[in-house]
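The values are calculated or read from the model by the stated rules, or taken from the named source; none is laboratory data. Fair warning: this is a prediction, and the values are worked out from it, not measured in the lab. Cβ atoms come from the backbone with ideal geometry, glycine included; neighbour counts cover every protein chain shown.
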There are 2 protein chains.
Amino acid sequence: MSGKLIGVGVGPGDPELLTLKALRTLREADVIAHFAKAGRASNARAIVAEHLAPGTVELPLLFPVTTEIPKHEPAYCQAIDRFYDGCAATIADHLERGRQVAVICEGDPLFYGSYMHLHTRLSGRYRTEIIPGVSAMSGCWSAVGAPIAQGDDVFVVLPATLSEQELERRFADADAAVVMKIGRHLEKVRRALGRSGRLSRAIYVERGTTTEAVTMPLEMKRDDIAPYFSVVLVPGWQERS
Amino acid sequence: MSGKLIGVGVGPGDPELLTLKALRTLREADVIAHFAKAGRASNARAIVAEHLAPGTVELPLLFPVTTEIPKHEPAYCQAIDRFYDGCAATIADHLERGRQVAVICEGDPLFYGSYMHLHTRLSGRYRTEIIPGVSAMSGCWSAVGAPIAQGDDVFVVLPATLSEQELERRFADADAAVVMKIGRHLEKVRRALGRSGRLSRAIYVERGTTTEAVTMPLEMKRDDIAPYFSVVLVPGWQERS
């Protein structure tokens, strides 16, 4: 009998935001797989490190490229597709031997996560289970204590890569918003927030649920320097409460 | 020294989806408060029931009305405002005595949760902490194993109360969507999905992370009968993967 592929959400960063189910799964799994950039430690692994028993079989899945090649270039897509195919083949080999393979994922496995590339490649052939996790964005608005959406609010998640015009239109069209993966896009995001009348509500959050979290009203941030994993929150509900 | 108000997310329903931090907080809190409709058991309390030590001091916060009065009538707003004011006063009394009051919340406290009505009333005067939880929607797409959003997807959460035209427009304008609080709105939601070309992707989920979960492609659902806490998922990423 073949094994089971398990996508395990380990939450936004604070090791205590692991669920009881994720913890049990880590203890029961035969193999624990985690994504990382080649040469870097896995963030998901760091979150669960204290719970990994000695002798745990680990399977690091090391991205061959991340930001060196622009995402829409064929070379990037090819390299990434080959990488996921290879990961899926390695995991399939474990599954064929009846092993439970837990792929640990920051945040929630099926919400903007790399795990889903494995899931779509393997879920047709093998048993799968998803253990949802606390999302990175929940970690961020909780760190700030900002009620994000309520009642009949329309809430939207936007990638910072959208054009300024698109961002402006979508901010104006939603009650509440989260802009993800800010990185080098902060100046543009700031302008779009200003033009849609949302700048005064916007909150900048860097390294949401770590002890080095930096949060401030975006209007107070003096520069446009932001790491890739920073977000901007635009709480909706406060306007009408 | 006054106490602390803690909003504790207890996840979407499965007691194992409680985080380690939520569990520790429940054990350390002096008072555990939970919302429920008068005469009904609290869903949040049911999720954590097995972890409540004998002798735990509980503070049930019982809604005087829920769906008996339409939400936009002044009588509803007045009754609800008076209710939250009363809850805040009772909790403030505990906080003044230096107690830690944990308000347990299904899902995530600041994402469409009742807790935020207490937070806004008390966070100016007392220390507060938010413990994020796995959201109900994460529980739902994980139960189904449906990768919901990826890469540069625009993801939107829509209340089912929107008009058919608004739903149609917003479905067409997003890559991925979750429609919450379906209840008596399923027929309308179905039509809007059809008109925006999203019906074939839509998944109906009832009681997401309970053992009685019902999930099916919406096109397979033969009637338009749905409980209030059912959702419709429209995964985005699968189209382009």
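Would you mind stating whether A:Val31 is within 14 Å of another protein chain (Cβ to nearest Cβ), buried (at least 18 other Cβ atoms within 10 Å of the Cβ) and aliphatic (A, V, I, L, M)?
no
Quick one: which residue in A:Val214, A:Val234 is touching a residue at least 40 places away in the same chain (Cβ under 8 Å) and under 16 Å from A:Trp141 (Cβ atoms)?
Answer to the check: A:Val234.
Go over the candidates B:Gly113, B:Gly133 one by one and state the one that is closer than 24 Å to A:Met116 by Cα, in a loop (DSSP other than H, G, I, E, B), in contact with an Asp or Glu (Cβ under 9 Å, 6 or more places away or on another chain) and within 9 Å of another protein chain (Cβ to nearest Cβ).
Exactly one residue qualifies, and that residue is B:Gly133.
Going by the structure shown, is B:Arg125 surrounded by fewer than 22 Cβ atoms within 10 Å (Cβ to Cβ) and either assigned to a loop (DSSP other than H, G, I, E, B) or modelled with pLDDT under 95 (or both)?
When the stated conditions are applied, B:Arg125 passes them.
The rows are residues; the columns are (1) among the charged types (D, E, K, R); (2) within 14 Å of chain A (Cβ to nearest Cβ).
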{"position": "B:Pro12", "(1), (2)": "no, yes"}
{"position": "B:Lys21", "(1), (2)": "yes, yes"}
{"position": "B:Ala41", "(1), (2)": "no, no"}
{"position": "B:Pro54", "(1), (2)": "no, no"}
{"position": "B:Val57", "(1), (2)": "no, no"}
{"position": "B:Pro60", "(1), (2)": "no, no"}
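Residues are listed down the side, and each one gets a yes or a no for (1) assigned to a helix (DSSP H, G or I); (2) facing another protein chain (nearest Cβ under 10 Å); (3) closer than 30 Å to B:Ala44 by Cβ:
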site	(1), (2), (3)
B:Gly151	no, yes, no
B:Arg169	yes, yes, no
B:Ala177	no, yes, yes
B:Arg184	yes, no, yes
B:Arg191	yes, no, no
B:Glu212	no, no, yes
B:Thr215	no, no, yes
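Can you pull out the residues in segment B:153-167 that are more than 7 Å from every other protein chain (Cβ to nearest Cβ), surrounded by fewer than 24 Cβ atoms within 10 Å (Cβ to Cβ) and not acidic (Asp, Glu)?
Of everything in segment B:153-167, those that are more than 7 Å from every other protein chain (Cβ to nearest Cβ), surrounded by fewer than 24 Cβ atoms within 10 Å (Cβ to Cβ) and not acidic (Asp, Glu) turn out to be B:Ala160, B:Leu162, B:Ser163, B:Gln165.
Just to verify a result, which residue in segment B:116-130, among those that are hydroxyl-bearing (Ser, Thr, Tyr) and at the interface with another protein chain (Cβ under 9 Å from one of its Cβ atoms), is farthest from B:Ser2 (Cα to Cα)?
Going through the qualifying residues, I end up with B:Thr120.
What pairs come up if the first residue lies in segment B:82-106 and is within 30 Å of B:Gly208 (Cβ to Cβ), the second is buried (at least 18 other Cβ atoms within 10 Å of the Cβ) and hydroxyl-bearing (Ser, Thr, Tyr), and their beta carbons are under 6 Å apart, counting only those six or more places apart or on different chains?
These pairs meet every condition: B:Ala102/B:Thr25; B:Val103/B:Tyr115; B:Cys105/B:Tyr115.
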